[in-house]
1. Taking the options C:Ile35, C:Ile28, name whichever one is surrounded by fewer than 24 Cβ atoms within 10 Å (Cβ to Cβ) and either within 14 Å of chain B (Cβ to nearest Cβ) or at pLDDT 95 or above (or both).
2. Quick check, is A:Ala149 at pLDDT 85 or above and within 14 Å of another protein chain (Cβ to nearest Cβ)?
3. Go through region C:205-226 residue by residue and tally those that are farther than 22 Å from C:Lys257 by Cβ, within 14 Å of chain A (Cβ to nearest Cβ) and aliphatic (A, V, I, L, M).
4. Consider region A:218-250. How many of its residues are open to solvent by less than 10 Å² (accessible area, probe 1.4 Å) and either more than 18 Å from A:Arg187 (Cα to Cα) or touching a helix residue (DSSP H, G or I) at 6+ places or on another chain (Cβ under 7 Å) (or both)?
5. Scan region C:58-74 for residues that are within 13 Å of chain B (Cβ to nearest Cβ) and open to solvent by 10 Å² or more (accessible area, probe 1.4 Å) and report the count.
6. May I ask you to verify whether B:Leu55 is touching an Asp or Glu at 6+ places or on another chain (Cβ under 8 Å) and away from chain A (no Cβ under 13 Å)?
7. Out of the residues in region A:1-20 that are facing chain C (nearest Cβ under 9 Å) and open to solvent by less than 10 Å² (accessible area, probe 1.4 Å), state the one that is farthest from A:Ile185 (Cα to Cα).
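The values are calculated or read from the model by the stated rules, or taken from the named source; none is laboratory data. For clarity, every value in this text was computed on a predicted model and none was experimentally measured. Cβ coordinates were reconstructed from backbone atoms using ideal geometry, including for glycine residues, and neighbour counts include every protein chain displayed. What goes into the accessible areas is simple: the full protein's heavy atoms, side chains included, and nothing from ligands, DNA or RNA. Shrake-Rupley method; radii C 1.70, N 1.55, O 1.52, S 1.80 Å.
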Amino acid sequence: MQPKTPLIGLLTDFGLRDQYVGAMKAAIASLRPDIRTIDVTHEVGPHNIGEGAYLLWASYKYFPVGAVLVAVVDPGVGSKREIIGARTDSHMFLAPDNGILDLVLWEEKIKEVTVIRPEKAATRSLLPKTISSTFHGRDIFAPLAAHLAAGTRLESLGNQKRTDWLKQPFVEKDSLESTAVVLHIDRFGNIITNIREGASGVRSRTLMLKAGKHRIHGWADSYEAIPSGNACMIVGSSGLVEIVMRERNAAALLGLKQRSKLNITFKGQ
Amino acid sequence: MQPKTPLIGLLTDFGLRDQYVGAMKAAIASLRPDIRTIDVTHEVGPHNIGEGAYLLWASYKYFPVGAVLVAVVDPGVGSKREIIGARTDSHMFLAPDNGILDLVLWEEKIKEVTVIRPEKAATRSLLPKTISSTFHGRDIFAPLAAHLAAGTRLESLGNQKRTDWLKQPFVEKDSLESTAVVLHIDRFGNIITNIREGASGVRSRTLMLKAGKHRIHGWADSYEAIPSGNACMIVGSSGLVEIVMRERNAAALLGLKQRSKLNITFKGQ
Amino acid sequence: MQPKTPLIGLLTDFGLRDQYVGAMKAAIASLRPDIRTIDVTHEVGPHNIGEGAYLLWASYKYFPVGAVLVAVVDPGVGSKREIIGARTDSHMFLAPDNGILDLVLWEEKIKEVTVIRPEKAATRSLLPKTISSTFHGRDIFAPLAAHLAAGTRLESLGNQKRTDWLKQPFVEKDSLESTAVVLHIDRFGNIITNIREGASGVRSRTLMLKAGKHRIHGWADSYEAIPSGNACMIVGSSGLVEIVMRERNAAALLGLKQRSKLNITFKGQ
């Protein structure tokens, strides 16, 4: 796939206080000044792979065909952890092999990924002479992403590996195939769950959601329709059930955090 | 107006922790990869329309001719609140009709705005098939901004509406036409007021500013000219009177917040 | 030097809450819409010149040839403080003359800088009619950077001045030429020191680093190699010795801050 748009989407836990993100973008621009970058976010909690996985999944579909999405939440940087790449008809993904791509791989039914081999000649020639052991974002991910965005074939950089161990990350069918949890708390305090409004209609079947001591029954169609002071369920912009309040921070008021377990009761149960 | 520069300025209260801003930019790039975006800020306080209005007003004039400025602080998203667009000889504005454009409309003497009609065929054809009820930034504002930046006529997207109810937002003339208030506290703790240094010379006429228990008399020409530990008035970079201290956080030390009322005494009063 | 890539790198202490960074970028785009900008960071602590100097030094080498790096941490804005520019074969630098360029000037062995003369006709013609006394980022640095990135000769904007008063900022040789200090605490709590792993091999010669009450002996090659709960030394991605812990905030746990003094003991001392 020769990308139509040389564009790289970036998601990291580097934050914006340090020079890390700027150095990554500078490294990309040094190789290919025509490549645009779009930040998904750099404020993933430090080492919070699960949060990164959600934020990448919730945004990648909106990127143009040909975009390369790079996700660097990488507590194992410099160790033997592997770097993987994955490809769909429309996008490419590059990340450490630590689970941050799991939601995307599941969603896209990707059964095979490329394990990058930095020591392989075809790969090594694309990397700087000196590679630090603590900042692969700048020294490995940025240059590889630039080359991939410019048309280098992902498969030329390593070997194939099966990924069919992935388990269903969403609660979406008749039975509970997975546990209902909080995937993410957003800036407004909206609580994004892993319960998905799918073909089977979670909304019409859900009786109640228990979150700690709180029981949430009601559904709303928009924030403004929520009775003041009440917590409601809403199908959010990613198709996941969210627990929200009107102009208030639901997570703070309900005492919920990322990874908090939720208890969902379906009608007739 | 066919824009010279396909450029979109973005201001939201989405913050940079979540994927929201990235998804908006991705949606723009998917439609028109050549359009540049410049962030005014995404750290407007959640639902803080007044702060957004100030930050947009303080920055839009510096954008190139043809730029489209999009302001999404939108507590009413998904409700019947309307989306409006406005146009000057040099810029275009797109925002929810909740007051966030008020300072710009006043400044530019815009008496008529376009109320966007998303259900109108000319508008609907520019939007994605599915429009979420909670994220119009991605599903309505981003695509409309992309099309406007690329040359679509704003007037083709809806109907005209009068805006002549706007009231003077600045204290700038001989009599107090409006109340003096704090518009914004910036990162440095500088207190930006709605008192404007205009043709009539507010500086030469002002005797004293009372802010809570504090009385501020002095004026400075630059931060370094301020006596250490003193709070002074200064005409800031937007032409508004600011209360500042030298290398200290004036807002924290004086206990002032956005919307705090100020008492201004003119000479001879 | 006619830049190959019209690109500006930006580092400021303006933060991302206000409109300041957006206004700078808008001012650049208004002059030259083809110039790209890359943010190093805008979250330098307010007025923290030393932190800005480190972050600029740690990132500038990764920018493409021809890039203009602008560093605005400028407590003296509007006073008689001077603005300086410096040039290497590959990059250009523009900043207030307050020390923020010191690490770069030292690293690049720059002995002469250009003192910008805003009142000089060649310079004045590049600036807006009205120049605020509090926001030179927008009114002076942005337009000058745009013109420099587009090919204006730095030397045409002012006069030359010697900089040979610079003292060695790093601890890197046999004797302690400078004091060991903390240059920066990054987002992860990694403690970046001014001890440099150079030709003389600081790592092989260092016996112990004393930080407050804590004594650090061990070295690691990657974060994952650090024994859980231990603080180790590591040669970081900029070639400086860092004190780090595995997935924990070393700075918070050791009670260290930027500018904290460190005590380094070499073998045989």
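1. Details: C:Ile28 fails: surrounded by fewer than 24 Cβ atoms within 10 Å (Cβ to Cβ).
Result: C:Ile35 is the single residue among C:Ile35, C:Ile28 that is surrounded by fewer than 24 Cβ atoms within 10 Å (Cβ to Cβ) and either within 14 Å of chain B (Cβ to nearest Cβ) or at pLDDT 95 or above (or both).
2. Values: at pLDDT 85 or above: yes; within 14 Å of another protein chain (Cβ to nearest Cβ): yes.
Answer is yes for this residue.
3. Looking only at that region, the number is 2.
4. Summing the residues that are open to solvent by less than 10 Å² (accessible area, probe 1.4 Å) and either more than 18 Å from A:Arg187 (Cα to Cα) or touching a helix residue (DSSP H, G or I) at 6+ places or on another chain (Cβ under 7 Å) (or both) in region A:218-250 gives 5.
5. Here the count works out to 1.
6. Values: touching an Asp or Glu at 6+ places or on another chain (Cβ under 8 Å): yes; away from chain A (no Cβ under 13 Å): yes.
Yes: the conditions hold for B:Leu55.
7. The selected residue is A:Gln19.
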